[in-house]
Amino acid sequence: MTLNLKIWRQGGKYPKGQFVNYTLDGVNDHMSFLEMLDVLNEKLINEKEEPIAFEHDCREGICGTCSLVINGYPHGPMQQTTACQLHMRHFHDGQTITIEPWRSRAFPIVKDLVVNRDAFDRIIQAGGYISVDTGQAQDGNAIPIEKDQAGHAFDAATCIGCGACVAACPNASAMLFVGAKVSHLSQMPQGKVESDTRVQRMVAQHDAEGFGRCSNITACQAECPKAISVEHIARLNRQYIGATLGSEKVAN
Amino acid sequence: MPFQSNVPAGELSEKWKQYRSSMPLVAPNNKRRLEVIIVGTGLAGGAAAATFGELGYKVKVFTFHDSPRRAHSIAAQGGINAAKNYQNDGDSVYRLFYDTIKGGDYRSREANVHRLAEVSVNIIDQAVAQGVPFARDYGGLLANRSFGGVQVSRTFYARGQTGQQLLLGAYQSLSRQISLGNVELFNRHEMIDLVMQDGKARGIIARNLLTGKTERHAAHAVVLGTGGYGNVFYLSTNAMNSNGSAAWRAVKQGAYMANPCFTQIHPTCIPVSGEYQSKLTLMSESLRNDGRVWVPKNQEDAAAIREGRKTGLDIAEGDRDYYLERRYPAFGNLVPRDVASRAAKTACDEGLGVSPTGLAVYLDFDAAIERYGKSRAHSLNESNADKGRIRQLGVAVIEEKYGNLFEMYEKITGEDPYVMPMKIYPAVHYTMGGLWVDYNLQTNIPGLFAIGEANFSDHGANRLGASALMQGLADGYFVLPYTIGTFLSQEIRNPMVDPDGPAFMEAEAKSKARIEKIMSINGTKSAETFHRELGKIMWEYCGMARNAEGLQKGRRLIRELRKEFWSSVYVPGRVDEYNPELEKALRVADFMELGELMMLDALDRNESCGGHFREEYQSEDGEALRRDDEYAYVSAWEWDDTDPILHKEELIFENVELKTRSYK
């Protein structure tokens, strides 16, 4: 099939950023979306043009590196699918496909479709962990965890840190990302100890990074490639209120 | 340079305990003054960086990714082994040790492997304490499953994302140390050279991938946790950016590369579909717990399937060859990876492959769906359940166990694996070879350590499933933090290393010159083109089956390719900017040299063992023929551009009797 690609380019030849149109033929059904971009880049390199910068790594939908807004949807039109797992059989001959980077003040553009997501690391550094040093652990079976509860915690823990939630949100809020980590750790008995300070510190860092507030639009859940539910944001809110109003454990 | 295994004396089961209690320590006041550079933030590097931070060392950690959480450890699906014996099925530290030595086809060091088995139990405890959500039974206790090459259930898992969850555990511990100021993180920084000073590893030259600037970083010791080099084959299950360059830069400074030809071909990957293909996707080995591998018994059926006239469902039970169950009744579909991969190749070579390329076999869940369905119906008191209901119940069980894998398969192939049997074929997955290290995980360069997949130490010629996560975390959390003391305790009188010293300035100048050279060629072919070409040569001559003639030809072809690369590669863009093409070109240049060394190593090893199968050395029924009298050694190669030098470390087996590995 032949595709019309409208791709955001920024940096180098396009200092201010703009859409550039490309026509690509010879695309087939079995290609992944990123392989289609590989083919385009190979063509550009052969023409001594600068290839399009986009980030990717595992191409298995788990590392969270790829970050494309395709036809207006983070990771493209398929639900629960990262851009790297999206295949060209879902597009048709002659289609125009628009490709943009994540757009958020907290994710500055590095080049073309590549953004800087260091803000996510800093949010985790603010409190997204359980404070246990290597060697301090007791036996793994010392604390039984009810199967369903472990399952709920797991649902939250599946976050791959890609940032699609931010890209989807009109407020560019990262509350689904923060909520998922808060919810994962606070549902494990090991993580309960620090839950009051954790939630305050992570939310404070989230705000400091310039992400917006959550206004219950829930586009994040719809676009999350791991289908993480907004119920984790609700759990975060409940904890945040409990920690700030009802507790003396105010984060430093 | 020293070349001794430094295995401590004593009984096998007491070595590590005694050594740990008697090795030199570094006092807290000195730890604060000692700097350690760690390259890589996967399970090994991330765990080590976090633990060193906790211990009080000054740590700088480097990753080329945008975040430490993206390392390729994240892609491991199936699980992590530990000798907990929670299932009461007769497991023990010794049994895990024995299985690993045997699974590795007797080409690993006894003492290292025993230590790995010992600390395996601590890893699970540590991960649970970090909040890693392992699978649990209804009683709330940790669940286990079995894996290839063993007869006990010792694999802990977190759905199909064990690697991701364990890496997040390490990443979160590392993040805590970063926030406490004990560890400094350099993301989007790639190590482009190792700096030697007075015969010791004293730092690295790193390229800031956002700005393209080179930086000099100094320390008392350097640790490489930079993963394996499977991408030398171009198509592999490794992430696109996984590369062997950090390790190879160390080799160019004199570090020995051990057993480079020991590569693991994983039996259950999604088959190749076209020339543009950029990578291969693994389906977890855990699927072989319930999936049955088969091909049609006769070539006509196979041809009909390839041409689309029939599907797997049209082949009657009696016309199917469940070849693993037939050839290896004791282990059946759970034979180790090397055995399963070769058997698939044999079946396809006989014209029984089931995809249009002829390179695929079936992995069928029908029997498991029926078995689980019946068992569920029984426990639900549905004694009259019909076939459809049983299937429905069975599918639900399979979905709970492998749902995400089945989903991934469907996304990639467009076929529903609950209905149509999966098509799989072997693909390059892991490299057992790596930097040579002694018992302390120190390379032959003083002050340079290698951990995780980057070293060669524990898996011999073949790695068992669910052992990579175990080794990465063992090295990072529980081994290196102790053993590095043997080196650092001698460094307490040495001041901070100066990154502006002559050795650093010279190394930086050399790195810059190399980059300039590659940019100035301005040829016609992309780095990707060379990489793809290299991959074809490697797979053809150094893949699942190798022979002397092919290996010599392969080496010749790589040398020609290297020459062509340095005269006609084209790298777009500039040096001083974000330039992924330049990153790729530098990595491909290293891969080509490494590939050449792999050919040499495979040529030297005139035997078949584990992942290394030499066609000249096989039994009458096509099984691998090991030659212990002549080849029970570790090949440690010293690089030389024309004539690499082989050093041999004899493997001494005091506790295990070398047997022909049989899974029949």
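The values are calculated or read from the model by the stated rules, or taken from the named source; none is laboratory data. For clarity, every value in this text was computed on a predicted model and none was experimentally measured. All Cβ positions, even for glycine, are placed from backbone atoms using ideal geometry, and neighbour counts span all protein chains on display.
Against the criterion of being at pLDDT 95 or above, more than 30 Å from B:LYS213 (Cα to Cα) and either out of contact with any Gly (no Cβ under 7 Å at 6 or more places or on another chain) or surrounded by 18 or more Cβ atoms within 10 Å (Cβ to Cβ) (or both), B:LEU488 qualifies. Pairs linking a residue in the range B:144-166 that is away from chain A (no Cβ under 11 Å) to a residue that is part of a helix (DSSP H, G or I) and of a type in the set (Asp, Glu), with Cβ atoms under 6 Å and 6 or more positions apart or on different chains, are B:GLY148/B:GLU285; B:VAL150/B:ASP99.
Report yes if A:GLY140 is closer than 23 Å to B:VAL121 by Cα, surrounded by 21 or more Cβ atoms within 10 Å (Cβ to Cβ) and either facing chain B (nearest Cβ under 7 Å) or touching a Pro at 6+ places or on another chain (Cβ under 6 Å) (or both), otherwise no. Spell out the reasoning first.
On the way: closer than 23 Å to B:VAL121 by Cα: yes; surrounded by 21 or more Cβ atoms within 10 Å (Cβ to Cβ): yes; either facing chain B (nearest Cβ under 7 Å) or touching a Pro at 6+ places or on another chain (Cβ under 6 Å) (or both): yes.
Considered against the rule, which asks whether it is closer than 23 Å to B:VAL121 by Cα, surrounded by 21 or more Cβ atoms within 10 Å (Cβ to Cβ) and either facing chain B (nearest Cβ under 7 Å) or touching a Pro at 6+ places or on another chain (Cβ under 6 Å) (or both), A:GLY140 comes out as yes.
A:ALA153 is checked against (1) more than 15 Å from the chain's Cα centre (by Cα); (2) under 30 Å from A:LEU5 (Cα atoms); (3) not aromatic (Phe, Trp, Tyr) and fails just one. What number does that condition carry? Of the numbered conditions (1) more than 15 Å from the chain's Cα centre (by Cα); (2) under 30 Å from A:LEU5 (Cα atoms); (3) not aromatic (Phe, Trp, Tyr), the odd one out for A:ALA153 is (2). If you go through the range A:194-232 and keep only what is within 14 Å of chain B (Cβ to nearest Cβ) and free of Cβ contacts under 8 Å to residues at least 60 places away in the same chain, you end up with A:SER195, A:ALA208. Scanning the range B:2-29 for residues that are part of a helix (DSSP H, G or I) and hydrophobic (A, V, I, L, M, F, W, C) yields B:LEU12, B:TRP16.
All conditions but one from (1) more than 14 Å from chain A (Cβ to nearest Cβ); (2) closer than 18 Å to B:LEU43 by Cα; (3) out of contact with any helix residue (DSSP H, G or I) (no Cβ under 8 Å at 6 or more places or on another chain) apply to B:ARG70; the one that does not is (1).
Within the range B:231-243, is there a residue that is among the β-branched types (Val, Ile, Thr), more than 14 Å from chain A (Cβ to nearest Cβ) and part of a strand (DSSP E or B)? Full working, then the answer.
Going through the range B:231-243, the residues among the β-branched types (Val, Ile, Thr) turn out to be B:232, B:237.
Keeping just the survivors that are more than 14 Å from chain A (Cβ to nearest Cβ) gives B:232.
Those left that are additionally part of a strand (DSSP E or B): none.
No; the residues of the range B:231-243 include none that is among the β-branched types (Val, Ile, Thr), more than 14 Å from chain A (Cβ to nearest Cβ) and part of a strand (DSSP E or B).
Summed over the range B:555-587, residues that are more than 12 Å from chain A (Cβ to nearest Cβ), part of a helix (DSSP H, G or I) and among the aliphatic types (A, V, I, L, M) total 4.
Of everything listed in (1) of a type in the set (Gly, Ala, Ser); (2) in a helix (DSSP H, G or I); (3) at pLDDT 95 or above, the single unmet condition for A:ALA243 is (3). Cβ-Cβ distances below 6 Å connect the following pairs, each with a first residue in the range B:78-97 that is modelled with pLDDT of 95 or more, a second residue that is among the basic types (Lys, Arg), and a separation of six or more residues or different chains: B:ASN81/B:ARG154; B:ASP91/B:ARG154.
Among the conditions (1) part of a helix (DSSP H, G or I); (2) aliphatic (A, V, I, L, M); (3) at the interface with another protein chain (Cβ under 9 Å from one of its Cβ atoms), the only one that B:ALA170 does not satisfy is (3). Residues that are at the interface with chain B (Cβ under 8 Å from one of its Cβ atoms) and either within 15 Å of B:LYS279 (Cβ to Cβ) or surrounded by 18 or more Cβ atoms within 10 Å (Cβ to Cβ) (or both) within the range A:43-55 comprise A:ILE45, A:GLU50, A:PRO51, A:ALA53, A:GLU55, listed in sequence order.
For the condition modelled with pLDDT of 95 or more and in contact with a His (Cβ under 8 Å, 6 or more places away or on another chain), what is the one hit in B:MET422, B:MET432?
On the way: B:MET422 fails: in contact with a His (Cβ under 8 Å, 6 or more places away or on another chain).
Every option except B:MET432 fails the conditions.
Identify the residue in the range B:435-463 that is outside any loop (DSSP other than H, G, I, E, B) and on the phi < 0 side of the Ramachandran plot and, among all such residues, is surrounded by the fewest Cβ atoms within 10 Å (Cβ to Cβ). Give the derivation first.
Here is the first cut: in the range B:435-463, the ones outside any loop (DSSP other than H, G, I, E, B) are B:435, B:442, B:448-450, B:452-455.
Narrowing the set further to residues that are on the phi < 0 side of the Ramachandran plot leaves B:435, B:442, B:448-450, B:453-455.
Working: B:LEU435: 29, B:GLN442: 26, B:LEU448: 24, B:PHE449: 28, B:ALA450: 32, B:GLU453: 32, B:ALA454: 31, B:ASN455: 27.
Looking at the filtered set, the residue picked out is B:LEU448.
Among the residues making up the range A:37-55, those that are at pLDDT 95 or above and under 16 Å from A:TRP8 (Cβ atoms) are A:LEU37, A:LEU40, A:ASN41, A:LEU44, A:PRO51, A:ILE52, A:ALA53, A:PHE54, A:GLU55.
The listed residues are B:LEU464, B:LEU469, and the only one of them that is closer than 30 Å to B:TYR362 by Cβ and over 10 Å from the mean Cα position of the chain (by Cα) turns out to be B:LEU464.
Scanning the range B:515-553 for residues that are assigned to a helix (DSSP H, G or I) and under 30 Å from B:HIS429 (Cα atoms) yields a count of 24. Residues in the range A:56-96 that are in contact with a strand residue (DSSP E or B) (Cβ under 8 Å, 6 or more places away or on another chain), facing chain B (nearest Cβ under 7 Å) and in a loop (DSSP other than H, G, I, E, B): A:ARG59, A:GLU60.
From the list A:ASP148, A:ASP196, A:ASP155, A:ASP207, exactly one residue is charged (D, E, K, R) and touching a Ser or Thr at 6+ places or on another chain (Cβ under 6 Å). Which is it? First the steps, then the outcome.
Details: A:ASP148 fails: touching a Ser or Thr at 6+ places or on another chain (Cβ under 6 Å); A:ASP155 fails: touching a Ser or Thr at 6+ places or on another chain (Cβ under 6 Å); A:ASP207 fails: touching a Ser or Thr at 6+ places or on another chain (Cβ under 6 Å).
Result: A:ASP196 is the single residue among A:ASP148, A:ASP196, A:ASP155, A:ASP207 that is charged (D, E, K, R) and touching a Ser or Thr at 6+ places or on another chain (Cβ under 6 Å).
The rows are residues; the columns are (1) in the same structural domain as B:SER153 (by TED's automatic domain parsing); (2) under 23 Å from B:ARG463 (Cα atoms).
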position	(1), (2)
B:GLN18	no, no
B:LEU43	yes, yes
B:GLY46	yes, yes
B:ALA49	yes, no
B:VAL59	yes, no
B:ARG69	yes, no
B:HIS72	yes, yes
B:ALA76	yes, yes
B:ASN81	yes, yes
